[in-house]
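Enquirer: Pasting a structure here, questions to come.
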2 protein chains.
Amino acid sequence: MTDVRIAMTGFGNVGQGVAELLRDYGEEYRRRYGVRLLLTGVADRGGAAIDSTGLDPQSLLSAKRHGTVAEAPVGERDLRGDAFLERARAQVLVEAASTNFQDAEPGWGYIQGAMHRNMDLVIASKGALVLHWSDLMASARQAGLRVYFSGTVGSPLPTLELADRVLLGTRIDRIEGIVNGTANEVLAAMAEGASYEEGVQRAQESGMAETDPTLDVDGWDAAAKAVIIGNALLGGNLTLSDVRREGIRGVTVQQMLEARSRGQAIKLIATIEREKSTVTARVAPESRPLADPLGSLRGSEMGVVIHAHPLGVMTASARGGERAIPTSLTVLRDVFNLCRDRGWSS
Amino acid sequence: MTDVRIAMTGFGNVGQGVAELLRDYGEEYRRRYGVRLLLTGVADRGGAAIDSTGLDPQSLLSAKRHGTVAEAPVGERDLRGDAFLERARAQVLVEAASTNFQDAEPGWGYIQGAMHRNMDLVIASKGALVLHWSDLMASARQAGLRVYFSGTVGSPLPTLELADRVLLGTRIDRIEGIVNGTANEVLAAMAEGASYEEGVQRAQESGMAETDPTLDVDGWDAAAKAVIIGNALLGGNLTLSDVRREGIRGVTVQQMLEARSRGQAIKLIATIEREKSTVTARVAPESRPLADPLGSLRGSEMGVVIHAHPLGVMTASARGGERAIPTSLTVLRDVFNLCRDRGWSS
């Protein structure tokens, strides 16, 4: 049994989901994977909680009900940044703070601090990957650190793992995906006759959409995922502004119904492709036949279609439970893969 | 650059496909994965070819046109079995002889001989896995050898990799799959109005079906895949006789058309599930809605649906090119994964 010491930054839906999973399945994970995952530090906007013997997940969740993990018995207000990483003494950083495409903070600062401390990275927040891809990957390579980020490209889709473990010996030419659950859910509601506004409201009520759904409905979130996929899997050097981006605000109920009458569905689709040696990405609403692998997805189902030469076409889709659990499980699968790739797990 | 020495037993569609891929993409594989795959020995029914510096793939393919690799310049009639393995001096056995569910020979003999010589295993032939699962896995574990067999469960589906790398932290409760391309293609032809006999003939003409399609249309092939999936992913201890098996001979055009008029399709589906601690498997024609992930697959498309707690449902499907290439690529992806897991590749 190996102890794996984890510092986690961010304790929103994803972080709390990780804590719930460790609370509910920690014992089973120890038995199955031969590793004990210890949260030795968790930071959020209000401060941090630290315990080098491993924080109790439930006490973090209880403290969060009062606004911040700093309210936990071992919590400290104003503990953050480098001081937090120093005190957490972890091997792994799980970066799960909310995404920010302006300066990628606080995530990028934590990631740099963690690399400086020789910590491997499990990244669930897109900002740093989108804004600092080359820097981040070069620094990690140079330091011999491992970087996992399955949670950033439309979790729980297995896009990265398909490329890494399944499509070996092939050349990936094109990837199309429905990678934003909120836009998908809004469009699904509209396909049933709801207006755009009602669709957004329903997605908010289901806990899928944020109070400000801009990042989702205007395609920023899908565009960020396209950047990461294009850079990671097609060797691109994309930034957010390289993505031709059109959101779903302009989609009308009339268009949805017309598509339906033709046996089609309108979906927000991200397309990343290589033509000669140029990698391009776009995000736009597209009409797809209901029999198409992406057109057939319903509600908040996500999907990805990968064209790989000379194999053909491989498709994956996922239908998850509550919002947080699929992404939290994706963070944990990255942690377990890290443990195996490092030789920590049995 | 690391040389990886491979002995391959069987040089039918799959083996020849591997040779074609190495001929066409060998240089690219060296560049991308940092390993040089050398076929140091290839055996078929007529004998073997051996070259410790690496056989030329094209010369093997040319020799095979005369019936056996033994016709190659470095070929030897009657070289087989232990003498072949001894002479091939390889690190890896790729076992791709035709499947046999009576005694699993010659595959099982080669696999045992390879383990005795400390060789890792990439298995593309189902016989030994179905008949000798426990023995094989226990021996490999004891000897510290690695065993890969993605090509045996419906290639190129990523079923094993999804379980191994993506569904970590979940408990797989049920797996449903369309894992036999021939049955699928026969049923697709019948859905368009062809009789069963015409469907079989078309599948034979397309190169998908064997001259004797019994293993495919009577569900033996799908049942064998269900045994391997059940044992590998659900911890079962199944044998072929444990699978409730019904093939597609009894399916009538009338039933196909009726299903279609209800918006459904009849597919040969393998289901493996755990109830309490018992793992069961069955193979049978089932009627599925066209909007269902398996019901929507067409022609020879394969698919798998995995129910995993607490994640939800993950689906994967694949549409390949010619018959041999998807399975040959699956063999190679196992080889590349082996190379990485062993630390041979960069």
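Enquirer: Within the stretch B:256-296, which trypsin sites (Lys or Arg not before Pro) sit in a loop by DSSP and count at most 16 neighbouring Cβ atoms inside 10 Å?
Expert: For trypsin sites (Lys or Arg not before Pro) across the stretch B:256-296 that sit outside H, G, I, E and B with at most 16 neighbouring Cβ atoms in 10 Å, the list reads B:Arg262, B:Lys276.
Enquirer: Follow-up question, since we're still on this one. At B:Arg249, label 7 Å along Cα→Cβ: distances to the other copies, nm, ascending?
Expert: Label-point separations across copies, in nm and ascending: 6.4.
Enquirer: Quickly work out the B:Glu105-to-A:Asp24 label distance, labels modelled 7 Å from Cα along the C-beta direction, and quote it in nm with one decimal.
Expert: 5.2 nm
Enquirer: Same structure, new question: At a probe radius of 1.4 Å, what is the per-residue accessible area of A:Trp220, in Å² to the nearest 10?
Expert: Roll a 1.4 Å probe over it and A:Trp220 shows about 80 Å².
Enquirer: Given only helices, namely DSSP H runs of n ≥ 4 each adding -39500 (n - 2.57), what is the per-residue ellipticity at 222 nm of chain B, to the nearest 500 deg cm²/dmol?
Expert: It lands at -11500 deg cm²/dmol.
Enquirer: I've got another one for you. Could you sort A:Asp334, B:Asp103 by their accessible area in this structure, using a 1.4 Å probe and putting the largest first? Before the final figure, lay out the partial values.
Expert: Values: A:Asp334 5, B:Asp103 80 Å².
Most to least solvent-accessible, the answer reads B:Asp103, A:Asp334.
Enquirer: Could you go through the stretch A:39-44 in sequence order and give the Karplus-derived ³J(HN,Hα) for each residue, using 6.51 cos²θ - 1.76 cosθ + 1.60 with θ = phi - 60°, rounded to whole Hz, and x for Gly and Pro?
Expert: Result, rounded to whole Hz: 7, 8, x, 9, 10, 9.
Enquirer: Sticking with this one: Remind me, relative contact order of chain A in percent, using alpha carbon pairs under 8 angstrom and six or more residues apart?
Expert: Contact order relative to length: 18 percent.
Enquirer: Something else: Could you size up the charge dipole of the stretch B:88-236 around its Cα centre, putting +1 on the beta carbon of Lys and Arg and -1 on that of Asp and Glu, and report it in debye to the nearest 20?
Expert: Computed charge dipole of the stretch B:88-236: roughly 940 debye.
Enquirer: While we're here: Using the Karplus curve 6.51 cos²θ - 1.76 cosθ + 1.60 with θ = phi - 60°, what ³J(HN,Hα) values do you get for each residue of the stretch B:178-194, in whole Hz, with x for Gly and Pro?
Expert: 9, 10, 10, x, 5, 4, 4, 6, 4, 5, 5, 5, 5, 5, 8, x, 5
Enquirer: State the percent of C-alpha pairs, over all pairs in the stretch B:52-183, separated by a distance greater than 17 angstrom.
Expert: 68 percent
Enquirer: Which lysines, on any chain, are close to B:Lys267 with Cα under 27 Å apart, when same-chain ones fewer than 8 places away are left out?
Expert: Within the straight-line limit of under 27 Å, B:Lys267 reaches these lysines: B:Lys126, B:Lys225.
Enquirer: Compute the distance from the alpha-carbon center of the stretch B:240-272 to that of the stretch A:1-41, in whole Å.
Expert: So the separation of the two Cα centres works out to 44 Å.
Enquirer: With a 1.4 Å probe on protein heavy atoms only, work out how much accessible surface B and A bury together, total over both chains, in Å² to the nearest 100.
Expert: 3500 Å²
Enquirer: Rolling a 1.4 Å sphere over the protein heavy atoms, what is the accessible area per residue of the protein assembly as shown, to the nearest Å²?
Expert: 40 Å²
Enquirer: What size of dipole, in debye to the nearest 20, comes out for the stretch A:206-346 about its Cα centre when the only charges are +1 on Lys and Arg C-beta atoms and -1 on Asp and Glu C-beta atoms?
Expert: That gives the stretch A:206-346 a dipole magnitude of about 320 debye.
Enquirer: Could you work out the relative contact order of the stretch B:26-183, using alpha carbon pairs under 8 angstrom and six or more residues apart, expressed as a whole percent?
Expert: Here the relative contact order equals 14 percent.
Enquirer: Another question, if that's okay. Of all accessible surface on the protein assembly as shown at a 1.4 Å probe, what whole percent is carbon and sulfur?
Expert: 45 percent
Enquirer: Copy-to-copy spacing for B:Asp212, label 7 Å out on the Cα-to-C-beta vector, in nm, shortest first?
Expert: Shortest to longest, the spacings are 7.0 nm.
Enquirer: I would also like to ask the following. How big is Rg to Rh over the protein assembly as shown, alpha-carbon atoms, Rh as the Kirkwood inverse-mean-distance radius?
Expert: Value, to two decimals: 0.98.
Enquirer: Something else: Which whole-number percent gives the relative contact order of the stretch B:196-325, counting Cα pairs below 8 Å spaced six or more residues apart?
Expert: 20 percent
Enquirer: Let me ask something else about it. Taking a point 7 Å out from Cα toward Cβ as the label site, list the nm distances between B:Lys276 and the same residue in every other copy, smallest first.
Expert: Copy-to-copy label distances at B:Lys276, shortest first: 6.6 nm.
The values are calculated or read from the model by the stated rules, or taken from the named source; none is laboratory data. What you see is a predicted model, and the numbers here were worked out from it, not measured in a lab. Ideal geometry is used to build each Cβ from the backbone, glycine not excepted, and the neighbour counts take in all protein chains shown. Heavy atoms of the whole protein, side chains included, go into the accessibility calculation; ligands, DNA and RNA do not. Shrake-Rupley method; radii C 1.70, N 1.55, O 1.52, S 1.80 Å.
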